[in-house]
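Below: the structure, in structure tokens.
The values are calculated or read from the model by the stated rules, or taken from the named source; none is laboratory data. Since the structure is predicted, the reported quantities are computational estimates derived from the model, not experimental observations. Virtual Cβ from ideal backbone geometry, glycine too; neighbours counted across all protein chains shown.
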Amino acid sequence: MPQDQVSCQLPGEVLELFVDQVASFRNLVERRTTLQACSLVSLAFRNRSHHHLFSNVEFTQPSYSIPSKLFYRLRKFRDIVTSGLDLRMTSLLYHVQSFSLVMDGSVFDAYTTMNNEDLTTVLRMLCKYSKAIHTTTLLGSSMRIFWPYLTRDFREAFKELCRVPSMRTLHLENLCSVPATFLLGTKIRNVRLHLVTIFSPIPGLPAFNCLWDSVGQLHSVDIDHTFPFFIEEIIGSDIRTRNISLERSSEGVNLSSIKSLKYTLYQPDDFQRFMQIVLEIPSLERVCMIFSDLGSSGFHRVVGAQAPFDELPALRTLAIGHRSSISTGIRSPLLKVLDVLRSASISRTLESIELSFEVHSHPPWLRLTEFFPETKTWALFDKVLTHETFDSVTRVRLNLCYSTLQAQPWTFDEQFFAKRCRSFLAEVFPLLMGSKSKEIVVDVSVLPLGGELDMLVFST
């Protein structure tokens, strides 16, 4: 009996469930190999397997690697897609939902990659055939890439990709001299711009106004100090003069469509800039601040009593994270987040608080201090979050990402590790665990040995 006839005897939902289970394998190599085998069983298996294999297309230039490997992947992907366009089957591009170009190598390799003709061809094919693509990511090298130095073909192809009707999210990082008109003509609702220098191509018109001509379509904004929110420098001015500073920048600009703001702080003065932006957008329902490795003394000096979140009438969720690892003897990330919570004026509309931390752990993963180093500092969150200031909060979410090392004779089991971690919650947070009005949810993940950490992705 033909294979397709056999598979058609089973409901489509059963076939999809089977392939979806394969796609949940934790081992990446095993997952991809099995999905590739499934794609050869029948047309039904092929389509579902390709949905998982090609929904996220990512090309990465790793550190200390030659770009020719990436060129080979681009050319191979282009040839496979091109050869399949004439077949009476669903194109691989039909399944693409996100496209990412990540360059971790040198800036010279980055320019060579982005000016590659095969990359431009792939971008144009995505524009034409990927009707479900909704996310585009372009991450430059450690040194910023100067946008005008890229070929005209690449810039035009990338602009076309951003203007695909289904495109909703754009992530740019480490780019310089990006024209402020890049959102015009798009339907993008979510932007993530980190270390991106934006300029106005229109003489006499500030970059802020030029960029935000299409602000009404934006729902979520993830930015840092490089975002041109102000015409003039405001660092050092009193926070209560923010209206004077922002009126000159945002005159005639409607910010009410923005519901979510995420801001990464690289230096102590960024906190004041962040608060000025926050208080100018009363429509915010979610506010997230991410601290990088800031100098503790400078940060404590800036925060003071400058966190009036009660001026946001629609605020529902406050999220705070820190990118520096916590370990025995290192507790400053915890103290910085505690400072914000203690200095915050909270609106009665606030329902949820999310805290995200990186923690370094070591074997044998049996004692409390191996999961919560500097335990006494962790315990301070229990007292702060059960204070009457946070009476309106009904849900506390704790995102913990651990980095650890394999060590003999212990065999690492992530599920057991997470279970063991949760068993200590009642000891560290007795008030929260025993509260009848608050729910504490803990998400435990472990960074694979030798991997790179990007754990500060908050739930939505």
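Descriptive notes on the structure:
- Evaluation of Val22 against (1) in the same structural domain as Thr169 (by the TED database); (2) in contact with a helix residue (DSSP H, G or I) (Cβ under 6 Å, 6 or more places away or on another chain) (one fails), failing number: (1)
- Residue in the stretch 406-414 that is surrounded by 14 or more Cβ atoms within 10 Å (Cβ to Cβ) and in a loop (DSSP other than H, G, I, E, B) present: yes
- So Ser345, is it at pLDDT below 95 and within 20 Å of the chain's Cα centre (by Cα): no
- Selection count where residues are modelled with pLDDT of 85 or more and surrounded by 14 or more Cβ atoms within 10 Å (Cβ to Cβ), scope the stretch 74-94: 7
- Considering residues of the stretch 95-116 that are part of a helix (DSSP H, G or I) and in contact with a Phe, Trp or Tyr (Cβ under 7 Å, 6 or more places away or on another chain) only, the residue surrounded by the fewest Cβ atoms within 10 Å (Cβ to Cβ): Tyr111
- Residues in the stretch 316-336 that are among the β-branched types (Val, Ile, Thr), surrounded by fewer than 18 Cβ atoms within 10 Å (Cβ to Cβ) and in a strand (DSSP E or B): 1 in all.
- Top-ranked residue in the stretch 25-70 [being assigned by the TED database to the domain that holds Ser142 and of a type in the set (D, E, K, R); ranked as surrounded by the most Cβ atoms within 10 Å (Cβ to Cβ)]: Lys69
Per-residue answers, yes or no, for (1) more than 20 Å from Ser292 (Cα to Cα); (2) surrounded by 14 or more Cβ atoms within 10 Å (Cβ to Cβ); (3) not aromatic (Phe, Trp, Tyr):
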site	(1), (2), (3)
Leu338	no, yes, yes
Leu341	no, yes, yes
Phe357	no, yes, no
Val393	yes, yes, yes
Cys401	no, yes, yes
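- Among the residues of the stretch 359-378, the ones that are buried (at least 18 other Cβ atoms within 10 Å of the Cβ) and touching a Pro at 6+ places or on another chain (Cβ under 9 Å) come to 3 in all.
- Put simply, of Thr137, Thr121 the only residue that is assigned by the TED database to the domain that holds Tyr72 and in a helix (DSSP H, G or I) is Thr121.
- Pairs with Cβ under 6 Å, 6+ apart, first in the stretch 195-220 and under 19 Å from Ser257 (Cα atoms) and surrounded by fewer than 17 Cβ atoms within 10 Å (Cβ to Cβ), second of a type in the set (Ser, Thr, Tyr) and at pLDDT 70 or above: Gly216/Ser257
- Within the set Val107, Val22, the sole residue that is at pLDDT 80 or above and either aliphatic (A, V, I, L, M) or more than 30 Å from Cys127 (Cβ to Cβ) (or both) turns out to be Val107.
- Residues satisfying the stated conditions in the stretch 415-441, i.e. among the small types (Gly, Ala, Ser) and not in a helix (DSSP H, G or I): Ser423, Ser435, Ser437
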